[in-house]
Structures are given as C-alpha cells and as structure tokens.
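**Q** Handing you this structure, nothing more for now.
The values are calculated or read from the model by the stated rules, or taken from the named source; none is laboratory data. Just so you know, these numbers come straight off a predicted model, no measurement behind them. Note that we place each Cβ from the backbone using ideal geometry, even for glycine, and neighbour counts take in every protein chain shown. Surface accessibility is based on the protein's heavy atoms, side chains included, excluding ligands, DNA and RNA. Shrake-Rupley method; radii C 1.70, N 1.55, O 1.52, S 1.80 Å.
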Amino acid sequence: MLEMDLPELFSRRMQKILDQEFEAFEQSFENEIATTIRVNFLKYKGLPALKPVDYCSSGFFLSRRPLFTLDPFIHSGVYYVQEQSSMFLEQAIKQPGHATDLKVLDLCASPGGKSTHLASLISPGSLLVSNDVIRARSQILSENLKKWGNPNVVVTNNDPYDFKRLPGFFDIVVLDAPCSGEGLFRKDPSAVLEWSPDNAQLCAQRQQRILADVWPTLKEGGILIYSTCTFNPAENEENIQWLSKFASVEPVKLTAKEQWGISVTDAAGFPCYRFYPHKVSGEGFFMAVVRKTGAEDRLSNRKIRENPLLASKGDKEMARPILINEGLDILRFEDSLLAFPSDLVGELLQLKNTLRIVHAGVKIGEIKQKDLLPAHELAISTILDRAAFPEIELTFEEALTYLKRDDISPLSVNKGWYLVTYRKMAMGWVKNLGTRYNSAFPKEWRIRMSVSEFRDEKLKAEMAKFPL
C-alpha cells in the first residue's frame, strides 16, 4: 500500500470535478500499480497466457513486475513495458476508418511507448515519423524503435515549429503533450512535489503553442490525436475548445465500452476520454480526437528523377540476399547501407531536406573495403532473412553475459558472423575469429549490472517464470 499527501489545491479541484466519486479517487492512490506490456507480434509468434487489456489487441497484464533489465526479450524488442491507459491509442487509430497507407507523426514521442504502438498498428506501406525536441531523448526514442524493428520509421529531433515547413504532409498527428503530470502522481510521487497551479497553467500555454505550431502539417481530412497524462481541464478539454476556435475542426467520436471504465466528457461538442485510477486499473490519462476540415497549402510531391541516396548495384547485390522484404530499397549514407520502403523514399528525401534525422529505416551494416559488417539493428529487425546466417542459441546466463558485453565462448566450428539467439529470438551478432569471439552488441546499450546480480540462482529462477 502507498501513502500519499495530494496537494490541497489539486484535491479541491478534483473534488469539484468528481463530486461523490472523489473519495474513491483519493483512495485509489493507495492501490498497487498494475504492470502492463505490449507484445510485438511481428517477433513473438503465439498468444501469451495473460489477461488482455480490453482496448488493445497486443496489451497484457503481468501478475507481478519482474526485473525487466534481466529479460533478454525486452532488449530484443519482443515487448514494451507501457502503462495501460495510453494503449487506448489503438482505438483512435482503428476506429475512424483511415486509408490503408498513412503518414503519421508522433510529435513528442520519447521514450517510444506510443511510437512502438503506432509502428505495430499501421500498414507496411505507411510512414511513421517519431520526433522529440530534446536531443538526448531523441536518442532514447531511436533506440527503442530500432529494437521494435520496423523499416518504415524515421526518428527526428526538431522543435514542433519546424513541421510548419511540411504543410499538409501528415494524415495523422499524435500529440502526447508535455503536461503537469497529475495522472502520474501514484506512479511517480516526485511529480506531486513538482506540482503547482502556476506550473499547470504554464503547461496549458505551452500545449497551445505546440498545437498552433503543428497544425499546418496535418492535411485536410486528417486527424489530430491529443493526449495528456493529467487531470487538469485547462490542459485537456479547454485546449480542445481553444483549438476549435482558431482552426476548422470537427469531432471524432470513439467507442468506449462501459466495462472499460472510461469517463466521456464534452468540450463544446467534442467528446473527450478520461481515465481515472478509481475506475480503470491504469494511471490518469486524457484523449480527444478531432478531424481537420480546413485545407493547408500542401507541399508538392514531385516525382524523383534521380535519388541521390540509392546504393550502387554492387551494394544492393551484397545486401539483398540477407533481407526478406522485397518492398525495400537499399540506400547508402556515407559508408552505411540502409533499408527503407521503396514507395516512401520520396518522402524520406523531403524529410531529409527539412528536418534533423536521427535515424531512418533499418541500418543493414557498414561497408569495410569489400565486406559488409552487419549492424546490430538488422539482427533484431523484422526484415532479416535468418537463413542467411548461422545461429548460436545462448543459455540465459550467456544471453545476459552478451548483453553486458562480456566475453562469451559458445560452440561453433566455422569462422565468421553468427546471429546469437535466446529462445530462438535474435539478440545480435558475434564474429568467430577462431581463437575468440568479437561481440557486436552496441556499447551504449549494454546492461551495467554486476556479475553477481545476474548470476544469482534465485534471481535466474525468478526470471524463468516470466510468462513470455
């Protein structure tokens, strides 16, 4: 049980909003927090024997919270740990009846929960641009999307204002706006100490600035999915009303079944969806969806006569045999080869000329003299033809040793590159040099736990119970 003193002004406001439900709301802050994950079904073949999240086809509850750092599956992008309320995003993507292939922007995307979810929801012919304005956070975002493994993803590091240079480009804009974080009070008690009415008001003003900046990049007929993790009406319903006063919009209604526990509110005719911790097992969350009815001057999408990014014939011949997706082009950035959907290369060039790109597609590897050194993200991607490389299956302890980037000595006969796996799931590369193995696991991704911690037999037995 948790004990928490909520700010007095916050409690007064919530009592006014919830009336007779306030006591149950206040008591919910003493309840244990449910742990939920989303499974990457492009990698995990099967259905976990877990309780599902009602409104998310890949979301599941865990009966306990394990030490995720010691699970090789999370490092391979098999699942993502995500708070369940925000998984309602799936309904906003599936229900409005979009076209098959979409251009989607996740504007404030780090660390990547909604972006990895979007990557699972959109078609292979769609484009996902995931952005974060803070450089360090964009690197975290990039890492998580590389682990998820989709080739139709671009990660950028830009201010929302920069997207004005792409008018009418996106079919869907997801804005999970920076907020006062009231919905995370139970999960992160430090958020309580940082809360103040003035800070909440500043957040509302910043959210309006972001909305105004990003609005031109949404095409006519496109939808904006606006969400926060706060209860404050000034950051939620009032911002939807504010948007409707300066922009041409219409409401988009989503199905919210009664058993889901979602509270539906009204913002001058625009339905809004609130998640309260006394009614759902997740944390506090808000979402509203609107459709743009006014047009922007769209960026011309001229046909590309010559693509300066396309790799040479020799580079393509080197890379093609190790990929399974025929709808990919092989591009070259300096000494690296990149796989990216053929039909989206024109859009990639537009983005490259407009934004700061952190990564795009899946890096295949680097060219050293006439050899291709395979990239780690290729190993854990969804486009690698695993028949192209011999594999070495690691034990649990060997897998953790590999993730720590310490030396492993698995059994193999021939020299060369091997794909190392754990429970048949790809983890990365090692190269057999004859006398030793070189690990190609990224130094910046390695786990830093002590040897004694991850060799502890009790802990290993506990992790063996993990349900995936």
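**Q** Could you say whether any residue in the range 273-292 is modelled with pLDDT of 90 or more, surrounded by fewer than 16 Cβ atoms within 10 Å (Cβ to Cβ) and not in a strand (DSSP E or B)?
**A** No, the range 273-292 contains no residue that is modelled with pLDDT of 90 or more, surrounded by fewer than 16 Cβ atoms within 10 Å (Cβ to Cβ) and not in a strand (DSSP E or B).
**Q** Oh, and also: Take the residues in the range 12-62 that are in contact with a Phe, Trp or Tyr (Cβ under 8 Å, 6 or more places away or on another chain) and hydroxyl-bearing (Ser, Thr, Tyr); name whichever of them is most open to solvent (accessible area, probe 1.4 Å).
**A** That would be TYR44.
**Q** Let me ask something additional. Considering only the range 239-249, I want to know if a residue exists there that is of a type in the set (Phe, Trp, Tyr), under 27 Å from ASP159 (Cβ atoms) and at pLDDT 95 or above.
**A** Yes, the conditions are met somewhere in the range 239-249.
**Q** Quick one: in the range 418-436, of everything that is out of contact with any helix residue (DSSP H, G or I) (no Cβ under 8 Å at 6 or more places or on another chain) and either aliphatic (A, V, I, L, M) or part of a strand (DSSP E or B) (or both), which residue is nearest to TYR79 (Cα to Cα)?
**A** THR421
**Q** Right, PRO233: within 17 Å of PHE88 (Cβ to Cβ), touching a Lys or Arg at 6+ places or on another chain (Cβ under 9 Å) and open to solvent by 20 Å² or more (accessible area, probe 1.4 Å) or not? Quick ask: steps written out before the conclusion?
**A** Values: within 17 Å of PHE88 (Cβ to Cβ): no; touching a Lys or Arg at 6+ places or on another chain (Cβ under 9 Å): yes; open to solvent by 20 Å² or more (accessible area, probe 1.4 Å): yes.
So PRO233 fails the test.
**Q** Does the range 386-417 hold any residues that are in contact with a strand residue (DSSP E or B) (Cβ under 7 Å, 6 or more places away or on another chain), charged (D, E, K, R) and assigned to a helix (DSSP H, G or I), and which are they?
**A** ARG386
**Q** Among (1) open to solvent by 20 Å² or more (accessible area, probe 1.4 Å); (2) aliphatic (A, V, I, L, M); (3) touching a strand residue (DSSP E or B) at 6+ places or on another chain (Cβ under 6 Å), where does LEU218 come up short?
**A** (1)
**Q** Next question. Identify the residue in the range 66-101 that is charged (D, E, K, R) and under 19 Å from LYS253 (Cβ atoms) and, among all such residues, is most open to solvent (accessible area, probe 1.4 Å). Break it down into steps so the answer makes sense when it comes.
**A** The first filter runs over the range 66-101 and keeps only residues charged (D, E, K, R), leaving 71, 83, 90, 94, 101.
In the following step, the residues that additionally are under 19 Å from LYS253 (Cβ atoms) were identified as 90, 94.
On the way: GLU90: 6, LYS94: 117 Å².
Per the stated criteria, the residue is LYS94.
**Q** Mind telling me which of the residues ILE37, ILE122 ends up being in contact (Cβ under 8 Å) with a residue 40 or more places away in the chain and within 16 Å of the chain's Cα centre (by Cα)?
**A** None of the other options fit; the residue is ILE37.
**Q** Going by what's in this entry, would GLY77 be described as in a loop (DSSP other than H, G, I, E, B), touching a helix residue (DSSP H, G or I) at 6+ places or on another chain (Cβ under 6 Å) and more than 27 Å from CYS179 (Cα to Cα)?
**A** yes
**Q** Does at least one position in the range 296-319 carry a residue that is modelled with pLDDT of 80 or more, of a type in the set (Ser, Thr, Tyr) and over 19 Å from TYR226 (Cβ atoms)?
**A** yes
**Q** Could you grab the pairs with beta carbons closer than 8 Å, sequence gap of 6+ or different chains, first residue in the range 319-339 and within 19 Å of ASP371 (Cα to Cα) and of a type in the set (Lys, Arg), second one part of a strand (DSSP E or B) and at pLDDT below 90?
**A** Taking only residues 6 or more apart or on different chains, the pairs are ARG332/LEU310.
**Q** Only one residue in VAL153, VAL104, VAL133 is surrounded by fewer than 23 Cβ atoms within 10 Å (Cβ to Cβ) and either of a type in the set (Ser, Thr, Tyr) or out of contact with any His (no Cβ under 6 Å at 6 or more places or on another chain) (or both), so which one is that?
**A** Numbers: VAL153 fails: surrounded by fewer than 23 Cβ atoms within 10 Å (Cβ to Cβ); VAL104 fails: surrounded by fewer than 23 Cβ atoms within 10 Å (Cβ to Cβ).
Answer to the check: VAL133.
**Q** Could you please give the count of residues in the range 394-407 that are surrounded by fewer than 14 Cβ atoms within 10 Å (Cβ to Cβ) and charged (D, E, K, R)? Spell out the reasoning first.
**A** Of the residues in the range 394-407, the ones surrounded by fewer than 14 Cβ atoms within 10 Å (Cβ to Cβ) are 395, 397, 406-407.
Cutting the leftovers down to charged (D, E, K, R) gives us 397, 406-407.
Of the residues in that region, 3 qualify.
**Q** Out of all the residues in the range 240-257, which are open to solvent by less than 40 Å² (accessible area, probe 1.4 Å) and in contact (Cβ under 8 Å) with a residue 60 or more places away in the chain?
**A** VAL252, LEU254, ALA256 - these are the residues of the range 240-257 that are open to solvent by less than 40 Å² (accessible area, probe 1.4 Å) and in contact (Cβ under 8 Å) with a residue 60 or more places away in the chain.
**Q** Continuing with this model, one more query. Can you name every residue in the range 313-340 that is in a strand (DSSP E or B) and open to solvent by 70 Å² or more (accessible area, probe 1.4 Å)?
**A** Across the range 313-340, the qualifying residues are ARG332, PHE333.
**Q** In contact with a strand residue (DSSP E or B) (Cβ under 8 Å, 6 or more places away or on another chain) and among the acidic types (Asp, Glu) - does that describe any residue in the range 222-235?
**A** There is at least one residue in the range 222-235 that is in contact with a strand residue (DSSP E or B) (Cβ under 8 Å, 6 or more places away or on another chain) and among the acidic types (Asp, Glu).
**Q** Of the conditions (1) more than 28 Å from ALA426 (Cβ to Cβ); (2) without any contact (Cβ under 8 Å) to a residue 60 or more places away in the chain, PRO52 fails just one. Which one is it?
**A** (1)
**Q** Which ones in the range 1-49 are closer than 24 Å to THR255 by Cβ and at pLDDT below 95?
**A** Correct list: ALA34, LEU47.
**Q** To continue, here is another question. Those residues that are part of a loop (DSSP other than H, G, I, E, B) and surrounded by 15 or more Cβ atoms within 10 Å (Cβ to Cβ), I need them from the range 341-379; list them, please.
**A** THR354, LEU355, ARG356, GLY361, ALA375
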